[in-house]
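S.K.: I'd like to ask some things about the structure below.
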Amino acid sequence: MSKSCTPSQRLPRMWLWTTITLCLLLALAYIRPEQLQVVLYKGALVTLAACLGYWIDRSLYPGDRPHQCIAGMHLVGAWLRRAVIVLACVLGMTLGL
């Protein structure tokens, strides 16, 4: 019989990917430390673009918030719309378009 885990016994969400990312950053720091500034620069671009995409969506559709949608299809459409706008901002910013 298996014992169920309480929430305090579970590992944090995405812990494996966080560990892999940290190991890769340490390997990069050891092999090519001069590239860490590029990684930091690209990470800053991605986070800035995600924030900009979110605010662009809010300004283009001021009364249409995904969490306030009532109809199921409208909810999915609002989330997809926001995801596409954020994706376009991230790609445009990181690819230099």
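Since every read-out is calculated from the coordinates, none of them should be taken as a lab result. It should be emphasised that the depicted structure is a prediction, and the values quoted were computed from it without experimental measurement. Please note: Cβ atoms are built from the backbone with ideal geometry, for glycine as well, and neighbour counts cover all protein chains shown.
S.K.: Provide the convex hull volume over Cα atoms per residue for the stretch 7-95, in Å³.
M.R.: Working: hull volume 12.3 nm³, N = 89.
Given the Cα convex hull of the stretch 7-95, per-residue volume reads 138 Å³.
S.K.: Now for a different question. Compare the Cα positions of 26, 12, 85 along the charge dipole of the stretch 7-95 (+1 at Cβ of Lys, Arg; -1 at Cβ of Asp, Glu; about the Cα centre) and return the one farthest towards the positive end.
M.R.: Positive-most Cα among the choices belongs to 12.
S.K.: Just grab the label-to-label distance for residue 56 and residue 44, each label 7 Å out from Cα along the Cβ direction, in nm (one decimal).
M.R.: 2.1 nm
S.K.: Another one. Binning every alpha carbon pair distance of the stretch 18-58 at 10 Å from zero, what are the percents per bin?
M.R.: For the stretch 18-58, the binned pair fractions read 28, 38, 23, 11, 1 percent.
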